[in-house]
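First comes the structure, then the notes that go with it.
The values are calculated or read from the model by the stated rules, or taken from the named source; none is laboratory data. All values reported here derive from a predicted model rather than from experimental measurement. A quick note on method: Cβ atoms are made from the backbone with ideal geometry, for glycine too, and the neighbour counts reach across all protein chains shown. The accessibility values were calculated without ligands, DNA or RNA, using every heavy atom of the protein model including side chains. Shrake-Rupley method; radii C 1.70, N 1.55, O 1.52, S 1.80 Å.
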Amino acid sequence: MKKVVFFSMLALTAQAVYAQLPSSKALISSPDSKLQVAVFQNEAGSVLYEVSYKGKAILEQSPLGLTTNISDFSKSLKLTGQKTAVIQEQYTANRIKKSQVSYHANELVLTYETPGKQKLDITFRVSNNDIAFRYSLPQVGETARCVIEKEQTGFDFPRFTTTFLTPQATPLIGWKQTKPSYEEEYAPDEPIGTPSKYKVGYTFPGLFHVGDNGWALVSETGVSSLYCGSKLSEGTSDGLYTIAFPEPGENNGLGSAKPGIALPGETPWRTITVGENLKPIVETTVPFDVVKPLYEPSKEYSFGRATWSWLEWQDESINYEDQKTFVDLSAALGYEFVLVDNWWDTRIGHDKIKDLVAYAQSKNVGICLWYNSNGYWNDAPQGPKNKMNTSFERKKEMAWMKSLGIKGIKVDFFAGDKQETMKLYEDILSDANGYGLAVIFHGCTLPRGWERMYPNFVASEAVLASENLIFTQQANDKEAYNAALHPFIRNSVASMDFGPVLLNKRHNKKNDGGRIRKTTDIFQLATAVLFQSPIQNFGVTPNNLKEFPEYVINFLKDVPTVWDETVFIDGYPGKYCVLARRSKDNWYVTGINAEKQAKKLTLSLPMLAGKNLVQYADKENRESQLQQVSLNKKGEINVVMQPDGAIIITNATGSR
């Protein structure tokens, strides 16, 4: 429901606050009036904007506009109109951090005109703590196509800002030339404008700490086959980051790095989440608030838990008997799925996959299959290959999967963010929906509103995920640090297929060699809740059932993967994080500690007042323990999280 209103008071406020600026200006505020965006022009006719929260600067004068092959919309513009509206919408979501969302925002549409009478609309939507804006180009005359040569959009932070960013990798580097794979490391609290590792900018989202003024998370949403995926440019020394398009070398150098749109057309939404603390960052739903479903689901998709032999047992486990073992493991845990990873086409074969599916169905377990996306864009050798990159092969393979009752696919090794790659993602999702298949992407870009746009999309990796714990000791040494970043950055804007809960002390099949896990057992359990994805591909193995106390196994049997509510409790990126998630009537409060000393906290948990609670925690010697606990009269509880350790507090009776 939309109700149009006119903000005469906003215009008066704009005159008072920005009287020193040129006359072509407008002001839009959030419904609670704490977040404000001022839009104005300089003497060259370029459009700029500023952002403040509770009167404190978050963004200084930052550029807006586009340069296209039909006109320059970055200067000499004339403001010819503005419209305001109130957006009020409620929607249901089953794959994000909360199930019922109420979106309330004020909208401002500004229309600008070039000297050649070409028009540009800039639409701002400002809700409490969130800003979304995009550009729209109408068709003028017969011209019905447009190439965006450059997007001028910038984010100019005060010089005292520090950043939490991960670099964009250059094309065709890394293992089998598979980068960018969106698996780079974060640098915490870096000074503004610090050059990135590869000197080609930063992957979305980017987190900015604007000193005492607050926090800002910058990202984008609504990217489909109609545009490319973007990133942040390198930052200037005074704090300006701009929208940058993919590198020309992505997709093995084929295809344009510049997006093309049909006219009338529009860009994706650029988003900024703002708060005086990190609570709005962790709890934001803006990636989904401003997008719509692109098609209807072909069926009611189910989600849940999966076992996954490849993570700890690696390629050697991709055989019929080992996969039956993991079907049995999923059945013993009450899990919904088993993920069969790479090489199954040659090491098991299509005929035996049919037998495996039948065996799994007899155990009430569904099978998901791994696929290689690649045609010409990298050298990754794993099969099945060349099944997902052309329409006729894809549909043939998906029809075969549907005939067997396969539940979903995991598609790996993509090529970058060019518009044609976005089209490949969309084509895979759309075709998969036609055959009732859920989809997870790996070696891939950040999802941008896809949980709402594509009904069968589950999650993407797009993070330095758990497989790296198998590959390097460094990943294990930094596991807690990385885990304490993701709820604030990567996982705050989209579901994240990390592959959590690796209970083996040593990362190999026999649990007696390989890399050494540095985190505690309770830390591993905590990641099942800390990391949000509607299907969790857990790293548990058959030996874990015998090696751990009954309460650990019961927790794994009971933990949900879809949530009705998420509440941030406390934390700081890279140091520690405590958050609470609710599934129906059951709350799971989870906290992890990445610091070198024990972390003592007093948690305020009013949602658990009066409930019977248990706490999973680490003793000082790192052994796990299960205790009954209660809140005081204020709804508070004192907890201690050991280094590389965690706590879980829940009222769920089945996990005890």
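For the residues Ala360, Ala306, Ala332, the requirement of being touching a Cys at 6+ places or on another chain (Cβ under 9 Å), at pLDDT 95 or above and more than 30 Å from Lys418 (Cβ to Cβ) singles out Ala306. When Pro381 is tested against (1) closer than 20 Å to Asp315 by Cα; (2) open to solvent by 20 Å² or more (accessible area, probe 1.4 Å); (3) touching a Gly at 6+ places or on another chain (Cβ under 9 Å), just one condition goes unmet, and that condition is (3). Taking the stretch 99-139 as the range and being over 13 Å from Thr80 (Cβ atoms) and among the hydrophobic types (A, V, I, L, M, F, W, C) as the test, the residues that pass are Val101, Ala105, Leu108, Phe124, Val126, Ile131, Ala132, Phe133, Leu137. When the stretch 629-654 is filtered for residues that are under 30 Å from the mean Cα position of the chain (by Cα) and either on the phi > 0 side of the Ramachandran plot or of a type in the set (A, V, I, L, M) (or both), the ones remaining, listed by number, are Val639, Val640, Met641, Asp644, Ala646, Ile647, Ile648, Ile649, Ala652. Per the conditions (1) within 23 Å of Pro63 (Cβ to Cβ); (2) touching a Ser or Thr at 6+ places or on another chain (Cβ under 6 Å), the sole criterion not satisfied by Thr166 is (1).
Considering Pro191, Pro158, Pro167, which residue is open to solvent by 10 Å² or more (accessible area, probe 1.4 Å) and over 18 Å from the mean Cα position of the chain (by Cα)?
Details: Pro158 fails: open to solvent by 10 Å² or more (accessible area, probe 1.4 Å); Pro167 fails: over 18 Å from the mean Cα position of the chain (by Cα).
Result of the check over Pro191, Pro158, Pro167: Pro191.
In the stretch 209-228 there is no residue matching the filter, namely being assigned to a loop (DSSP other than H, G, I, E, B), open to solvent by 10 Å² or more (accessible area, probe 1.4 Å) and over 24 Å from Pro268 (Cα atoms).
Screening Leu545 on (1) closer than 22 Å to Arg305 by Cα; (2) among the aliphatic types (A, V, I, L, M); (3) in contact with a strand residue (DSSP E or B) (Cβ under 7 Å, 6 or more places away or on another chain); (4) open to solvent by 20 Å² or more (accessible area, probe 1.4 Å) shows it passes everything except condition (3). Scanning the stretch 402-423 for residues that are surrounded by fewer than 23 Cβ atoms within 10 Å (Cβ to Cβ), without any contact (Cβ under 8 Å) to a residue 60 or more places away in the chain and outside any loop (DSSP other than H, G, I, E, B) yields Lys402, Ser403, Leu404. Quick one: is Lys75 out of contact with any Pro (no Cβ under 7 Å at 6 or more places or on another chain), open to solvent by 30 Å² or more (accessible area, probe 1.4 Å), in contact (Cβ under 8 Å) with a residue 12 or more places away in the chain and farther than 23 Å from Leu240 by Cβ? It is false that Lys75 is out of contact with any Pro (no Cβ under 7 Å at 6 or more places or on another chain), open to solvent by 30 Å² or more (accessible area, probe 1.4 Å), in contact (Cβ under 8 Å) with a residue 12 or more places away in the chain and farther than 23 Å from Leu240 by Cβ. Check the stretch 10-33 and report whether any residue there is under 13 Å from Glu107 (Cα atoms) and modelled with pLDDT under 50. Yes - at least one qualifying residue is present in the stretch 10-33.
Let me spell it out: the conditions are (1) at negative phi; (2) in contact with a Pro (Cβ under 8 Å, 6 or more places away or on another chain); (3) among the small types (Gly, Ala, Ser); (4) in a strand (DSSP E or B), and Gly591 meets all of them except one. Which number is the exception? If we test Gly591 against (1) at negative phi; (2) in contact with a Pro (Cβ under 8 Å, 6 or more places away or on another chain); (3) among the small types (Gly, Ala, Ser); (4) in a strand (DSSP E or B), just (2) comes out false.
Might you let me know whether the stretch 217-232 holds any residue that is of a type in the set (A, V, I, L, M), more than 19 Å from Gly449 (Cβ to Cβ) and modelled with pLDDT of 95 or more? Within the stretch 217-232, none of the residues are of a type in the set (A, V, I, L, M), more than 19 Å from Gly449 (Cβ to Cβ) and modelled with pLDDT of 95 or more. Just a yes or no: is a residue in the stretch 74-88 part of a loop (DSSP other than H, G, I, E, B), β-branched (Val, Ile, Thr) and closer than 21 Å to Thr114 by Cβ? No. Which number in (1) surrounded by 23 or more Cβ atoms within 10 Å (Cβ to Cβ); (2) of a type outside the set (Ser, Thr, Tyr); (3) closer than 28 Å to Phe414 by Cα marks the one condition that Phe555 misses? Every listed condition holds for Phe555 apart from (3).
Each row is one residue, and each column tells you yes or no for (1) crowded, with 19+ Cβ neighbours inside 10 Å; (2) over 25 Å from Pro549 (Cα atoms); (3) in contact (Cβ under 8 Å) with a residue 12 or more places away in the chain; (4) of a type outside the set (Gly, Ala, Ser).
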residue	(1), (2), (3), (4)
Ala580	yes, no, yes, no
Asn593	yes, no, yes, yes
Ala598	no, no, yes, no
Ala609	no, yes, yes, no
Tyr616	yes, no, yes, yes
Gln625	no, no, no, yes
Ser630	no, no, yes, no
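Any residue in the stretch 498-527 that is within 15 Å of Asp644 (Cβ to Cβ) sitting within a Cβ distance under 9 Å of a residue that is assigned to a strand (DSSP E or B) and acidic (Asp, Glu)? List the pairs, counting only those 6 or more apart or interchain. Note: pairs meeting the criteria are Thr520/Asp618; Asp521/Asp618; Ile522/Asp618; Phe523/Asp618.
Summed over the stretch 451-477, the residues that are closer than 20 Å to Cys368 by Cα, open to solvent by less than 10 Å² (accessible area, probe 1.4 Å) and not in a loop (DSSP other than H, G, I, E, B) give a count of 5. Within the stretch 311-326, does at least one residue satisfy the condition of being touching a residue at least 24 places away in the same chain (Cβ under 8 Å), of a type in the set (S, T, N, Q), open to solvent by less than 40 Å² (accessible area, probe 1.4 Å) and part of a strand (DSSP E or B)? Within the stretch 311-326, not a single residue is touching a residue at least 24 places away in the same chain (Cβ under 8 Å), of a type in the set (S, T, N, Q), open to solvent by less than 40 Å² (accessible area, probe 1.4 Å) and part of a strand (DSSP E or B). Report yes if some residue within the stretch 143-155 is at pLDDT below 95, outside any strand (DSSP E or B) and surrounded by fewer than 24 Cβ atoms within 10 Å (Cβ to Cβ); otherwise report no. Among the residues of the stretch 143-155, at least one is at pLDDT below 95, outside any strand (DSSP E or B) and surrounded by fewer than 24 Cβ atoms within 10 Å (Cβ to Cβ), which makes the answer yes.
For (1) farther than 21 Å from Ala38 by Cβ; (2) aliphatic (A, V, I, L, M); (3) touching a Pro at 6+ places or on another chain (Cβ under 8 Å), each residue gets a yes or a no:
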| residue | (1), (2), (3) |
| --- | --- |
| Phe124 | no, no, no |
| Tyr135 | no, no, no |
| Leu165 | yes, yes, no |
| Tyr182 | yes, no, no |
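Quickly run through the stretch 172-196 and pick out the residues that are touching a residue at least 12 places away in the same chain (Cβ under 8 Å), more than 19 Å from Tyr227 (Cβ to Cβ) and part of a loop (DSSP other than H, G, I, E, B). Selection gives Leu172, Thr178, Ser181, Glu183, Glu184, Glu185, Tyr186, Ile192, Gly193, Thr194, Pro195, Ser196.
Scanning the stretch 97-113 for residues that are surrounded by 22 or more Cβ atoms within 10 Å (Cβ to Cβ) and among the small types (Gly, Ala, Ser) gives a single hit, Ala105.
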